[in-house]
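These notes are about the structure you will find just below.
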Ligand code: HEM
């Protein structure tokens, strides 16, 4: 028999979760403020650039040598309109790093995240505040997750409440870890917003007091299998956001290229569609490997628990579907005419399946996995 | 596959393939077949089939599935008379063995084989051939740079190319030097063949997984058995309550081991709110024998912790209470004695029991009712079980006499009593009333039909017994697949060309270019690393910043693009997501 339950710890945990959600909310506001403010600043920069440009004759400084069909358009660094054309959405071949870099470098001043999504020199005060608040939030959140684990005397992912609270923590933590090396702050509203939703949903709809695990879950495979699943899902969350932005950005680039008005000013903060696609591909590749392990470890566990490693239980079906969709995504990236927008759609569909697998399948579908603690 | 290679302009074969494809309509039947094959093994088809497979798997989670639970399917068809039957004809209750699902994955795997085999052959050839010839204009490559070795260094063009070749070899490249003695010697180098190998291993292993699963289905078997404390199961066909053989199963496969349930203990949650009374631990103590005359062994069987015996695994999958009863017939003889397995019906081990006594004389007797470990009654008189533990065990029964219908040999469900041909003796609505027994009590049936006594309660467990010979192979192939996948995603296939030439003033001019096959976000870093190696080797002062480099004495970098400055290409874009380099 496992540890004794400690209800006081459980109550502390709930308090921490609430505090974390509150801190995230303030961080969310800061991130949103950053988007609004930067968008305004960028517009001003643009206006100025446009004026200078009109004064001087429009002389291309040097034509880029397009190797991968990507870098056709790179003229003066301030020429925002053209620069966003780098990397048409439906391009046939994949660029190497330098082609991608060019796409970003060419976008000129004011682009907060370049194609490599490295930090630019200029400071964005609201964004810094937002990140600091998110760090504070994640620390409180960590305390919540740890006290929950101590209260229950086991890993804190044994029911829906715990999947959500721990999952939200991992999503934010992964986001912050990526932030160390890459400027993905434009995803801040999305990631933090999602974490808030998850925490609120956990507390309102799925609240469960600390408790023991049913015997079916008492296995070290719970630790291995679920932790990798949660981690992969957190990565899929990032790529989902990036793919969604990629679609918007691609649309905007097309509109702007065709001479239309740029109605989505805040998207200036976001890197070009091609850079988004390339980075989300790399994250998706890691997450896909993680998901492959999730699937395999799940099968091994199923063999231990139920005597068969695969039985097309609803949860197994959806895990398989997700795996196949992302395998399709990887294939799409290698198929002519399927990169860009279509690949982004596949990445989005894959993530919707992840959400479906987590919410609807856990709650409404009957299967061997129906012990999600409801 | 052809699609992918087609986009690679360095490989000549796919061009021919593309031409063949273009010239198709006049090719006749053989041409048609070839065309179909090309289509089937194309990347686009693979993608389409993959997505189709994902979609086709979904209905299996929406509708009840026969292999998992046949009775629910029957009920579902009954409950939905309008479309239940239609779904059945569409095989929506057997999705994963349906014709359409099978068609999709078989096509996918044919496509896979058609994809992997030619690719493997092509790759084998590529691995044995020399790196491709040096392109005329290196500056067109995605990574390009030039260097100048000063005249006083005394490094002729041919020596420079040889020293570059040495460096690249050390870096894991396969190198070929061309025109060694000419005016403009060059080298071609390539590395990362493992990438393709990984890809091939991955895809081939998927076939391996599929075959292993199929083999498991052919040669495996599974069965169920209920064991009351004290019972022994012997692994023979008659020992099973239920048995599902694979297509190629032979009963000689069964090794006659035995397993006896000595004791079964359950721990219930007495701590948490909300989950009070939920089981949190099941432990079965068993005695096993590999063979009838092998030494006995004590083992523990738990959920998530099967016992392996005689090539099978034994899983703890269910449990419950088995009240022990003794039934005497009208003549006073013991007609039946022993535990009766209660079938779980509701909360807290609320179980149904059926007792059939075919040996009772003069009439056969039958009992049906409920067992409650902790009996409670609501104010409306509805009985329920208040706790899973044996606090106030109670057996409530109705009794019948007549012909149980067991003598004609037709199989019957032991958990159901067919009362059609029976006469009720005890029931709540009869004068005699129902039978309510606590342990130790007995009851005399009306009309001198006999007596029934409730002697005590035992626990029972349900075990699943599985033998799956394909399982181990499936695991091995799955591991191979992930290994291949990781290699294929994180090894980069790269080509490098270097060309040197002597300037009139005695300087040696060097230009180099890099090309990646497939996705490679670290090609720029590789270019920078190679540049640095060369600079160190030739002792050309190389400074960190591109602008400085431009003006510094010996070096000139002419990147392929105006914005590709040295500073950027020197800093290695190794993100947190950045994979390990293949060195
Ligand atoms: C059982 C179905 C299949 C699955 C689950 C699958 C999965 C994958 C995955 C995950 C990748 C990316 C990782 C890697 O590069 O190794 C991949 C790549 C690839 N697959 Fe498949 N595949 C399947 C069938 C096929 C078929 C039928 C073909 C050929 C028509 C094919 C051709 C390729 C090729 C050429 C690549 C390399 C793409 C690149 O270079 O980026 N696959 N596959």
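For peptide B:275-288, compute the average count of partner chain beta-carbon atoms within 10 Å of each residue's beta-carbon.
On the way: counts 9, 1, 0, 5, 3, 8, 7, 4, 2, 0, 0, 0, 0, 0.
Across the residues of B:275-288, the mean count of other-chain Cβ atoms within 10 Å is 3.
Quick check: Cα centre of region B:193-228 to Cα centre of region A:1-50, how many Å?
45 Å
Less than 20 Å from a label point 7 Å out along the Cα-to-Cβ axis of residue B:291: which backbone N atoms in region B:246-260 qualify, by residue?
The answer is B:251-260, whose backbone nitrogens lie closer than 20 Å to the label point.
Just how far, in whole angstrom, is region B:495-541 from region B:135-159 if you go by their alpha carbon centroids?
Centre-to-centre distance over Cα atoms comes out at 7 Å.
Rounded to the nearest 10 degrees, what's the angle between the helix B:523-538 long axis and the longest principal axis of chain B, both from Cα atoms, 0 to 90?
40 degrees
With the Cα gyration tensor of region A:163-223 in hand, give its eigenvalues times 5 under a square root as the equivalent ellipsoid semi-axes, listed largest first in whole angstrom. Provide the component values of the computation, followed by the final result.
Numbers: eigenvalues 162, 54, 7 Å².
Computed over region A:163-223, the values are 28, 16, 6 Å.
Per 0.36 nm of contour for each residue apart, how much would the distance between residue B:415 and residue B:533 grow if the chain were fully extended, relative to their Cα-Cα spacing? Could the numbers behind the result be given before it?
Details: separation 118, 0.36 × 118 = 42.48 nm, distance 7.99 nm.
Once the chain is fully extended between residue B:415 and residue B:533, it gains 34.5 nm.
Over all residues in B:43-55, what is the mean tally of Cβ atoms on other chains that come within 10 Å of each residue's Cβ?
On the way: counts 6, 6, 1, 5, 12, 3, 3, 10, 9, 2, 6, 14, 3.
Going residue by residue through B:43-55 and averaging, the value is 6.
So how tilted is helix B:43-57 from the main axis of chain B? Cα-based, degrees 0 to 90, rounded to 10.
Rounded to the nearest ten degrees, it is 20.
What nm distance separates the two modelled labels at residue A:205 and residue B:133, each placed 7 Å from Cα along Cα→Cβ?
Here the modelled spin labels are 6.5 nm apart.
By the gyration tensor of its Cα atoms, with a ≥ b ≥ c the square roots of the eigenvalues, what is the shape of chain B: rounded for a/c under 1.5, prolate for a/b over b/c, or oblate? Mind showing how you got there, number by number?
Values: a/c = 3.64, a/b = 2.83, b/c = 1.29.
It is prolate, given that a/c is not under 1.5 and a/b is the larger ratio.
Would you list B:30, A:210 from fewest to most Cβ contacts within 10 Å? Before the final figure, lay out the partial values.
Working: B:30 8, A:210 30.
Lowest count first: B:30, A:210.
I'd like the orientation of helix B:13-22 relative to chain B: the angle between its Cα long axis and the longest Cα principal axis, in ° from 0 to 90, rounded to 10.
Between the helix axis and the principal axis of chain B, the angle is about 70 degrees.
Arranged by the count of other C-beta atoms within 10 angstrom, fewest first, what order do A:349, B:324, A:354 take?
Working: A:349 20, B:324 16, A:354 24.
The order, fewest Cβ neighbours first, is B:324, A:349, A:354.
Can you pull the percent of Cα pairs in region A:231-374 with separation above 24 Å?
Values: 4147 of 10296 pairs.
Looking at region A:231-374, the distances longer than 24 Å represent 40 percent of pairs.
Give me the distance in nm between label points sitting 7 Å out from Cα along the Cα-to-Cβ direction at residue B:359 and residue B:337, one decimal.
Spacing of the two 7 Å Cα→Cβ label points: 0.9 nm.
Between rounded, prolate and oblate, where does region A:272-340 land on the alpha carbon gyration tensor, with a ≥ b ≥ c its root eigenvalues, rounded for a/c under 1.5, else prolate if a/b exceeds b/c?
On the way: a/c = 3.93, a/b = 2.59, b/c = 1.52.
Judged from the Cα gyration tensor, region A:272-340 comes out prolate (a/c at least 1.5, a/b above b/c).
Got a sec? How would A:251, A:225 order by Cβ neighbour count within 10 Å, fewest to most? Don't skip to the end; give the middle numbers.
Numbers: A:251 15, A:225 22.
With the sparsest Cβ surroundings first, the list reads A:251, A:225.
Does region B:253-412 come out rounded, prolate or oblate, given a ≥ b ≥ c as the square roots of the eigenvalues of its C-alpha gyration tensor, rounded meaning a/c under 1.5 and, failing that, prolate meaning a/b above b/c?
On the way: a/c = 2.50, a/b = 1.13, b/c = 2.21.
It comes out oblate by the Cα gyration axes.
Using 7 Å Cα-to-Cβ label points, what is the residue B:33/residue A:123 separation (nm, one decimal)?
Label at residue B:33, label at residue A:123, 7.4 nm between them.
What are the principal axis extents of the Cα atoms in region B:226-296, in Å, biggest first?
Largest first, region B:226-296 extends 52, 33, 15 Å along its Cα principal axes.
Read-outs: derived from the displayed coordinates by stated rules, not from any lab. Remember, predicted model here, so these are calculated numbers, not experimental data. For neighbour counting, all protein chains shown are included, and Cβ atoms are generated from backbone atoms with ideal geometry for every residue, glycine included.
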